[in-house]
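Engineer: Following this message is one structure expressed as C-alpha cells.
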Amino acid sequence: QVQLVESGGGLVQPGGSLRLSCAASGTIFNIIAMGWYRQAPGKQREPVAIITNGGVTNYADSVKGRFTISRDNAKNTVFLQMSSLKPEDTAVYYCNKASSPLYSWGQGTQVTVSA
C-alpha cells in the first residue's frame, strides 16, 4: 500500500520561505511523475507543481517564479521550495502522483502565510 507523508509546513510571514517534503513508500517512486497540490479553506484542491521522473517541471501560473519542485529518487522524496510567500498561498499542501489514478491522500502539511 502506498503511503505519502508530507512535512515542513508552518506559519511564515509574507515574503518568507518554506521547504516542504513528501516521503513516499510502497511504490516504484523513480518511474512516477509526482506533484504538489494545495487546498485552501472553502476551495477545491488544486495542482501547484509537477515533476516527471526525468526532472521536467511544470507550475501553476500563480506560483511560477516563486516555487521550485524537485525530487530525490534515492530517498523516494519530493520537495517543494516556496519563496516570496503570499497570504493567498495559505493552504494545506499535499503530494501525490501527477496524473490519475491518484494514490490515497496523505494528511498534508499546513502552510499559513500571515503577518
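Engineer: Among the residues of the range 85-115, what is the count of those that are more than 15 Å from residue 59 (Cα to Cα), open to solvent by 40 Å² or more (accessible area, probe 1.4 Å) and of a type outside the set (Asp, Glu)?
Structural biologist: 13
Engineer: Note down all Cβ pairs under 7 Å where the first residue falls in the range 52-78 and is open to solvent by 50 Å² or more (accessible area, probe 1.4 Å), the second is of a type in the set (S, T, N, Q), and they're at least six residues apart or on different chains.
Structural biologist: Listed by first residue and then by second, the contacts come to 53/30; 68/81; 73/30.
Engineer: Out of (1) free of Cβ contacts under 8 Å to residues at least 24 places away in the same chain; (2) within 22 Å of residue 12 (Cα to Cα), the odd one out for residue 85 is which?
Structural biologist: Checking residue 85 against (1) free of Cβ contacts under 8 Å to residues at least 24 places away in the same chain; (2) within 22 Å of residue 12 (Cα to Cα), the one that fails is (1).
Engineer: Run down 56, 92, 48 and say which single residue is β-branched (Val, Ile, Thr), within 11 Å of the chain's Cα centre (by Cα) and over 19 Å from residue 3 (Cα atoms).
Structural biologist: Matching residue, one of 56, 92, 48: 48.
Engineer: Moving to a separate point now. Any residue that is of a type in the set (Lys, Arg), farther than 14 Å from residue 105 by Cβ and either in contact with an Asp or Glu (Cβ under 8 Å, 6 or more places away or on another chain) or surrounded by fewer than 19 Cβ atoms within 10 Å (Cβ to Cβ) (or both) - is there at least one of those in the range 39-46?
Structural biologist: Yes, there is a match, as at least one residue in the range 39-46 is of a type in the set (Lys, Arg), farther than 14 Å from residue 105 by Cβ and either in contact with an Asp or Glu (Cβ under 8 Å, 6 or more places away or on another chain) or surrounded by fewer than 19 Cβ atoms within 10 Å (Cβ to Cβ) (or both).
Engineer: Can you tell me which residue is surrounded by the most Cβ atoms within 10 Å (Cβ to Cβ) among those in the range 1-38 that are over 15 Å from the mean Cα position of the chain (by Cα) and within 15 Å of residue 113 (Cβ to Cβ)?
Structural biologist: Restricting to residues being over 15 Å from the mean Cα position of the chain (by Cα) and within 15 Å of residue 113 (Cβ to Cβ), the top hit is 12.
The values are calculated or read from the model by the stated rules, or taken from the named source; none is laboratory data. None of the values given here were measured: they were computed from a predicted structure. Cβ: placed from backbone, ideal geometry, glycine included. Neighbour counts: every protein chain shown. Surface areas here come from the heavy atoms of the whole protein model, side chains and all, with no ligands, DNA or RNA. Shrake-Rupley method; radii C 1.70, N 1.55, O 1.52, S 1.80 Å.
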